[in-house]
1. Given the conditions (1) in contact with a Phe, Trp or Tyr (Cβ under 8 Å, 6 or more places away or on another chain); (2) at pLDDT 90 or above; (3) among the small types (G, A, S), and given that S305 satisfies all but one, which numbered condition is not satisfied?
2. Output the number of residues of the stretch 98-109 satisfying the condition of being open to solvent by 50 Å² or more (accessible area, probe 1.4 Å) and over 12 Å from S158 (Cβ atoms).
3. Name every residue in the stretch 51-67 that is open to solvent by 10 Å² or more (accessible area, probe 1.4 Å) and part of a helix (DSSP H, G or I), in order of residue number.
4. With the checklist (1) surrounded by 12 or more Cβ atoms within 10 Å (Cβ to Cβ); (2) under 25 Å from I263 (Cα atoms); (3) modelled with pLDDT under 90 in hand, flag the one item S39 doesn't pass.
5. Looking at L111, L199 in this structure, which one is out of contact with any Cys (no Cβ under 8 Å at 6 or more places or on another chain) and under 24 Å from S81 (Cβ atoms)?
6. Report whether or not A78 is in contact with a strand residue (DSSP E or B) (Cβ under 9 Å, 6 or more places away or on another chain), assigned to a helix (DSSP H, G or I) and either at pLDDT 90 or above or at positive phi (or both).
7. Just a yes or no: is a residue in the stretch 221-240 under 20 Å from L331 (Cβ atoms), aliphatic (A, V, I, L, M) and open to solvent by 40 Å² or more (accessible area, probe 1.4 Å)?
8. I need the helices (runs of 4 or more DSSP H) fully contained in the stretch 186-295, keeping only those with at least 1 residues that are modelled with pLDDT under 90 and in contact with a strand residue (DSSP E or B) (Cβ under 7 Å, 6 or more places away or on another chain).
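The values are calculated or read from the model by the stated rules, or taken from the named source; none is laboratory data. Here the structure is a predicted model, which means the values were calculated and not measured. As a convention, Cβ positions derive from the backbone with ideal geometry for all residues, glycine included, and neighbour counts pool all protein chains shown. Remember, those area values only see protein heavy atoms, side chains included, never the ligands or the DNA or RNA. Shrake-Rupley method; radii C 1.70, N 1.55, O 1.52, S 1.80 Å.
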Amino acid sequence: MTALKLLSRTKLYWGLIAIFLIGVLGSPMSSKGNNIFLSYGNLLDVLRQVSTTGLIATGMTAVIITGGIDLSVGSLMAICSVVCAMLLTVPGVTPGVVLGVPTVALVALCLGFVVTRFIFQNLAKSRAGADLLREIRLDGIRGVVTPAVVGVVLCCLSLWFLLPQIEPKFGVFGVLLVAPCVGLLFGALNGFIIVAGRLQPFIVTLAMMVTALGIARLTAGQNNAVLPVYTGSNATADFEILRSLVFGIIPMPGLFFLGAILIYGAVLRFTPFGRYVYAIGGNEEAARLSGIAAGRVKIATYAVSGLLAGIAAVLYVAQYRQGKPDAGAGLELDAIAAVVIGGTSLMGGRGSLTGTFCGVLIFGLLSNILQLHNINSNLQLVLKGMIIIGTVLVQERNAGDLLAYLRLPGGQSAHKETAVAKRPSQETPSLNLGGNKK
């Protein structure tokens, strides 16, 4: 491998290193002469601040790889934050309970059914030595009865756990169960409408963004623009653990973010589900003809996106001590920007959670550097926009086209090479099941 190719493949990491060095060299000094940017407290704050956006971006990555988009995650986070704050602070039957508890029961029923059926089907495939893409018919006991029984049992267990918490107010584990389930249900509804209605993800998730915002406001009530959460006062003191430092080293939100990146990254890289996600993004029709249940995979990606938005909502409530109907306003744009900076193509079929992790850190470090230098907030938005455009031009290798269009030096050869690379091929497109190489 030549040095140029190696540099091209690792350019994202070099970008992260460059941003970090800029922060170190340009950092203001404290009164004691210490580098503020390099201080342990400042770096912990960066990780804490990017965790919410990072969780949203983690789910968004798989959605974009399939060729979709999810504009509703900010509103889903808002409605989940309202539900979380209401469950923590208001005893008895509230709109949060009415929305949250039945949702958990429904999600438990459906997950029990789907997961049990999936296990039986894969066991049957392994015994028959059948192709993994081929559907195998199950008998009534394994295909319907047993999955239904498992779903009902999980539903009853979830209600047994949640119902006693309604009167004395919910605890940490209660809200960590309810809020993500609410997000998962709305996310799965997004995917179902997109697949069943054959609609554009942009339109469906835009409609869900508005709908979820309205539901969040109705749930909070007209007189509750903010639902304050004070641990040890109107909420359980144990909720403070979600904003603490684990072993005094890493903030709890950062641990959730890193865990989500590692787990979902392993799923996308090492499991058939991950290969299906890339295949659908590369050529959805070819994936369908190959036997992949493209609809189910897409629904699953949107459901996971909603689930992670629900987890981010709980961490938001813990960090800012409040739930708000507009808590996630604009967060979907930050998440999409981080995903694109990380090298995921908006056309689908290419990207990785490693790149998203770097993109989230680049975005967070950039914001931190601008804040340390007291740059005007409006100017910060302008600079961030310019950096996003420049990064995407480099990632998509279209900078040569732009230089040639502007007749700047160095653009002509790059323009010719890009034109040759973009020349339509006469070959029939083939199915890609091997990850992010197209």
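1. So S305 meets the others, but not (1).
2. Residues meeting the conditions: 1.
3. T52, T53
4. Evaluating S39 over (1) surrounded by 12 or more Cβ atoms within 10 Å (Cβ to Cβ); (2) under 25 Å from I263 (Cα atoms); (3) modelled with pLDDT under 90 leaves (2) as the failure.
5. When all the criteria are applied, what remains is L111.
6. The answer is yes for A78.
7. yes
8. 201-220
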